[in-house]
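Participant: Quick one: structure below, then a few questions.
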Amino acid sequence: MNSGICKTLVSLFFNHSSHIHKPPIACSSLSLSFLSSYSSSSQPEDVKIKVPLADYSINGDNFSPAAALKASSVKKDLKKPENSDSVLSFLRESGFSDSHLQKMVKRVPNVLSASIFDTVKPKIKVFQDLGFSSTDIADVISSDPWILHRSVDRIVPSILLLRSVLGSNANVTKLLKTLSWFLKCDLEKSMIPNIEFLKSCGVSSTQIVTYVFHFPRLFLHKPDSFKDFVKRVDEIGFDRKSKMFLSAIRTISSMSKENWELKLKCFRSLGFKEDDIVSAFRRSPQAFAISERKIRETTELILSRGNMDISVIVKYPWLLTISIERRLKPRLRVFDILNSKNLLSRTIKFTSVCKISEKMFLDKYVLPHSDELGELSSLLMRTHCQ
């Protein structure tokens, strides 16, 4: 989405949005009763009453002691508890549950001191006018209450851009519930150019959306840097039509050029030829994102068996990514024991035993052979239950 389109969308949004303030919402009777305990007829009118936040949260709004303690550790007193009551009442009327409110106050106690007209209502209205449900609004804002303190001029274009990429408010909500910091970024200068460039490389929108959810930071690199990542992947001889193309870009982007060279040096020192390295990278780019120490330890363990060489890792580079202690070593032991007792089909390879899920491994290779495996069987079952 280019700058002109973005500005048009924002303009249309503001032209069709009403920003008329509603009358203040009355305080709940529960909070009024509580506040009266802090009032005194002999007190001068111009003296502001300060209410301990912990007391207000527990007694006046039924917050849990844990939530109140967390909030009061950041903000001790409320100068205008009646404003806080209005904020909470408005949020409740807007669809926020008690759990939403407690989550917000625990994370950002200052929300209780926010201006209901200048801060809270305008932000809620932005989401409402963009078609978000009350539940979605509550989920997003409670996950990051600082959204209420951000500029409407930043929130609106960011949401519009995200929706243009993800396709729906439901997907935008899904993303912002866990990655609300997206609203802090200038997506028009980073995410959008990078996505458009990927599309020009032949990457499908479906794959891009999947990566936005799983690896969002990949798209926030500066466009020049992002193009350099793609160039480096191209130079390795990577096919842009490969389903691993985005994974390769992500791996390259995760380290400096110096660290990448150190990684290649590690492979060479272990006996990998240049063609071996390229072949392994094309099959499993994420294997190159692990530490040099892990690459070395896994390679040396496999080679120490005597009946396997570098070609095994070149063909199955994902072996470098699995845990040595929790998966590779115990599964190799099971494989060796069952194989030595002719309890495995000749077509079963150790890579197949290592790749399957933990549950399938136990159901297929451990439980049926618990007698043959002895104490190892019990140990693996205990480890699985931990």
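Participant: Please indicate, with yes or no, whether at least one residue in region 144-162 is among the hydroxyl-bearing types (Ser, Thr, Tyr), within 30 Å of SER113 (Cβ to Cβ), part of a loop (DSSP other than H, G, I, E, B) and at pLDDT 95 or above.
Facilitator: Within region 144-162, the subset among the hydroxyl-bearing types (Ser, Thr, Tyr) is 151, 158.
Checking which are within 30 Å of SER113 (Cβ to Cβ) leaves us with 151, 158.
Going one step further and asking which of them are part of a loop (DSSP other than H, G, I, E, B), we end up with 151.
The next check asks that each one be at pLDDT 95 or above; those that pass are none.
No, the conditions are met nowhere in region 144-162.
Participant: Determine whether region 358-379 contains at least one residue that is in contact with an Asp or Glu (Cβ under 9 Å, 6 or more places away or on another chain) and farther than 27 Å from ARG268 by Cα.
Facilitator: yes
Participant: Regarding region 194-211, can at least one residue be identified that is outside any helix (DSSP H, G or I), crowded, with 17+ Cβ neighbours inside 10 Å and either of a type outside the set (Phe, Trp, Tyr) or within 20 Å of the chain's Cα centre (by Cα) (or both)?
Facilitator: Yes: region 194-211 contains one or more residues that are outside any helix (DSSP H, G or I), crowded, with 17+ Cβ neighbours inside 10 Å and either of a type outside the set (Phe, Trp, Tyr) or within 20 Å of the chain's Cα centre (by Cα) (or both).
Participant: OK, next. In contact (Cβ under 8 Å) with a residue 24 or more places away in the chain and touching a strand residue (DSSP E or B) at 6+ places or on another chain (Cβ under 6 Å): does that describe SER113?
Facilitator: Considered against the rule, which asks whether it is in contact (Cβ under 8 Å) with a residue 24 or more places away in the chain and touching a strand residue (DSSP E or B) at 6+ places or on another chain (Cβ under 6 Å), SER113 comes out as no.
Participant: Could you say whether any residue in region 132-149 is among the polar types (S, T, N, Q), surrounded by fewer than 19 Cβ atoms within 10 Å (Cβ to Cβ) and closer than 12 Å to LEU183 by Cα? If you could, list the steps in order and put the result at the bottom.
Facilitator: Taking region 132-149 as the starting set, the residues that turn out to be among the polar types (S, T, N, Q) are 133-135, 142-143.
Now restrict to residues that are surrounded by fewer than 19 Cβ atoms within 10 Å (Cβ to Cβ): 133-135, 143.
Imposing the further condition that a residue be closer than 12 Å to LEU183 by Cα reduces the set to none.
Within region 132-149, none of the residues are among the polar types (S, T, N, Q), surrounded by fewer than 19 Cβ atoms within 10 Å (Cβ to Cβ) and closer than 12 Å to LEU183 by Cα.
Participant: For MET308, state whether it is under 20 Å from SER269 (Cβ atoms) and either in a helix (DSSP H, G or I) or without any contact (Cβ under 8 Å) to a residue 60 or more places away in the chain (or both).
Facilitator: yes
Participant: Another question, then. Any idea which of LEU320, LEU344, LEU379 is modelled with pLDDT under 95, surrounded by 18 or more Cβ atoms within 10 Å (Cβ to Cβ) and not basic (Lys, Arg)? Spell out how you get there, then give the answer.
Facilitator: On the way: LEU320 fails: modelled with pLDDT under 95; LEU379 fails: surrounded by 18 or more Cβ atoms within 10 Å (Cβ to Cβ).
Result: LEU344 is the single residue among LEU320, LEU344, LEU379 that is modelled with pLDDT under 95, surrounded by 18 or more Cβ atoms within 10 Å (Cβ to Cβ) and not basic (Lys, Arg).
Participant: I would also like to ask the following. How many of the residues in region 101-119 are in a helix (DSSP H, G or I), among the hydrophobic types (A, V, I, L, M, F, W, C) and farther than 15 Å from SER143 by Cα?
Facilitator: 3
Participant: Would it be correct to say that ARG268 is of a type in the set (Lys, Arg), at pLDDT 95 or above and exposed (fewer than 15 other Cβ atoms within 10 Å of the Cβ)?
Facilitator: yes
The values are calculated or read from the model by the stated rules, or taken from the named source; none is laboratory data. Quick caveat: nothing in here was measured; it's all calculated off a predicted structure. Backbone-built Cβ (ideal geometry, glycine too); neighbour counts: all protein chains shown.
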